[in-house]
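I have placed the structure first, in the form of structure tokens, so that the comments after it can refer back to it.
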């Protein structure tokens, strides 16, 4: 998920954000056919470090067959100074099924 191009719109007009943002990612491989991961990213505004954007992701992927996989991901996007009429937190649960033709 590429967040950088849309961040100036989220932070507000005239805001400048610091790239690259501090990011933490952890991956774990289960013994047979499953994988999990989590990542967190903190993106503050340059002129006001108290105005920031935080994104978090945690997911698991499991092989159903040799070619098919099931994936479940929880995304959490947080801005501590949201625009008027907006909530500070945006949480999404995304599930997907993938198939490899190889």
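Put in order of Cβ neighbour count within 10 Å, fewest first, the listed residues 39, 98 become 98, 39. Extension gain, residue 37 to residue 64, is 7.9 nm, computed as 0.36 nm per intervening residue step minus the present C-alpha separation. Computed over the range 31-91, the alpha-carbon pair-distance distribution with 10 angstrom bins reads 20, 35, 23, 15, 8, 0, each value a whole percent. Based on the Cα coordinates of the range 60-102, what is the per residue volume of their convex hull in Å³? Per-residue hull volume (Cα only) is 84 Å³.
Between residue 26 and residue 76, the simple label model (points 7 Å from Cα in the Cβ direction) yields a spacing of 1.3 nm.
Every read-out reported here was derived from the displayed coordinates using simple, explicitly stated rules and does not represent laboratory data. This is a predicted model, so every value here is computed, not measured. Every residue, glycine as well, gets a Cβ built from its backbone with ideal geometry; the counts of neighbours run over all protein chains shown.
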